[in-house]
Ligand code: CP
Ligand code: NVA
């Protein structure tokens with residue numbers, strides 16, 4: 001059965017996820033190969049900043065023959081107190097799908113509850129499934145398969161770490177998360193959790209990191225986060241402790257000198273700029289799955 005929404009990635013079966021990654025790979029080779037959104041509109045609601053998500057959704061929707069309608073919350077009646085329920089009803093009468101970037105996961109869930117068109121999580125405090133789909137595509141392109149790969153995530157156990165753990169397990173990728181006390185993920189089925197970055201990267205095919213201060217973290221917590229997470233920097237030395245041929249990944253935006261060194265960010269083993277491009281291909285495959 002086709003999933004009705006994508007809030008965490010768990011809505012997809014393992015087979016659907018593998019098909020989505022294969023289709024994304026095909027989309028990359030055939031950018032205008034699908035017209036699934038011909039003369040249809042997709043609403044993209046942004047309550048948080050974005051570069052990649054906005055750019056890749058907008059360009060991807062156009063390549064699928066559709067029209068992206070970016071809505072900044074402060075321009076809508078949501079900012080003046082109109083309910084999520086009423087907004088979801090109105091959008092559902094006019095668009096083919098709704099993407100939302102916000103803070104609370106409950107807000108996206110409420111949207112999905114009331115919308116009669118697919119709702120896509122474009123990042124919440126808890127999840128970033130579209131990023132994880134693009135990352136699986138990046139792994140598949142590098143290694144030719146997903147099953148049996150190991151991905152180590154070092155740093156803050158945040159939304160990106162959680163989505164990698166959830167979606168990775170569905171795809172047969174072992175995800176090992178190294179984070180210090182107080183910044184670790186809650187247990188996620190199939191994921192390995194440790195506070196030792198060297199243990200996490202042992203035999204890993206990819207080493208991944210993300211910012212230490214996320215959009216939904218308070219500014220006041222920033223200094224404590226930087227101190228606690230400093231030993232988890234993705235450096236050449238840490239990458240060298242992974243499997244031979246391991247690649248470095250980062251969802252971006254990066255803070256070179258904090259969670260990743262400049263030499264890894266721009267080095268030979270990074271596939272970070274591929275990841276940024278792969279957002280478009282993976283999201284196109286997702287839109288096709290949800291809207292066909
Ligand atoms: N990786 C990612 O989601 O980037 P943006 O915040 O720029 O959209
Ligand atoms: N964890 C980061 C990801 C940005 C794409 C954040 O939520 O800000």
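Every number here is computed from the coordinates shown, using simple stated rules; none is lab data. In this text the structure is predicted, and so the values were computed from the model without any measurement. Don't worry about glycine lacking a Cβ; one is built from the backbone with ideal geometry, like all the others, and counts go over all protein chains shown.
Things to note:
- Distance (nanometres) between label positions extended 7 Å along Cα→Cβ at residue 59 and residue 198: 4.1
- Here region 40-76 and region 115-144 have alpha carbon centers that stand 15 Å from each other.
- Helix-derived mean residue ellipticity, 222 nm - over the chain, DSSP H n ≥ 4, -39500 (n - 2.57), to 500: -12000 deg cm²/dmol
- Relative contact order of the chain, defined on C-alpha pairs under 8 angstrom at six or more residues apart (%): 21
- Rough spin-label spacing in nm, given labels placed 7 Å along Cα→Cβ, for residue 143 and residue 15: 2.4
- Between residue 83 and residue 236, residue separation times 0.36 nm minus the direct Cα-Cα distance comes to 50.2 nm.
- Packing-based ranking, highest mean first, of 206-213, 271-278 given that Cβ atoms within 10 Å are counted: 206-213, 271-278
- Applying 1/(1 + (r/R0)^6) with R0 = 30 Å to the Cβ-Cβ distance of residue 51 and residue 1 gives a FRET efficiency near 0.30.
- Contour excess over end-to-end distance, with Cα ends at residue 219 and residue 116 and 0.36 nm allotted per residue: 33.4 nm
- What the Cβ-Cβ distance of residue 30 and residue 292 gives, at R0 = 22 Å and to the nearest 0.05, is a FRET efficiency of 0.90.
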